[in-house]
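First comes the structure, then the notes that go with it.
The values are calculated or read from the model by the stated rules, or taken from the named source; none is laboratory data. As the structure is a prediction and not an experimental result, all values here were calculated from the model. Here the Cβ positions follow ideal geometry from the backbone for every residue, glycine too, while neighbour counts run over all protein chains shown.
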């Protein structure tokens, strides 16, 4: 059986529904059977007997023995993730699934749920490892990768992981070496790691593209302040 990626809206993920994978994230036997009967947009309630849920022993301390379990589920979107099946999905359908993930990732980010946002963006990059058919499709998918790489770089900055932020910023530059946001992200990451020389290099390249960008000028001010503090430490 092919694994299928589902966006599930459950009572525990009402505001932030997750994309889950059958056979990996969805392991409840009854729930997996129920999901296979559903279509996109459908809302269902499933009442599972113990043998289709948590069995005779339950799952203490939250679920008692021999418990019947009620699930409310909505399938927001899905994608067959078997590589051969995924490659046959029309590109427009494939991009719609990615857009759903992007929307949820951005929602999580705006709510400062950075760990959740990171997982959304990384799932999209995983899905984008689709076998390419022609140059036109390759170009479209490369263009799709760029904003997710930038989002991941910013998310890792929020998570105070500048090395990861720099890594994804550099991957964005591999796609578009002149991208101002990618240069800014790399500069911000280098500043967090106290690599002032590289910060200045990225900042200069970014400012050459957008000399009046407020974020770039803010980076310059932070760099100047940090470098002054650095010189003061050396002096003493």
For this session: Go through the stretch 146-232 and tell me which helices (runs of 4 or more DSSP H), entirely inside it, have 2 or more residues that are modelled with pLDDT under 90.
Result: 196-209
Exercise. Among the numbered criteria (1) loosely packed, with under 11 Cβ neighbours inside 10 Å; (2) under 25 Å from residue 123 (Cβ atoms); (3) in contact (Cβ under 8 Å) with a residue 12 or more places away in the chain, which single criterion is violated by residue 45?
Worked result: (2)
For this session: Keeping to the stretch 133-181, report how many residues are closer than 18 Å to residue 213 by Cβ, surrounded by 14 or more Cβ atoms within 10 Å (Cβ to Cβ) and over 17 Å from the mean Cα position of the chain (by Cα).
Result: 5
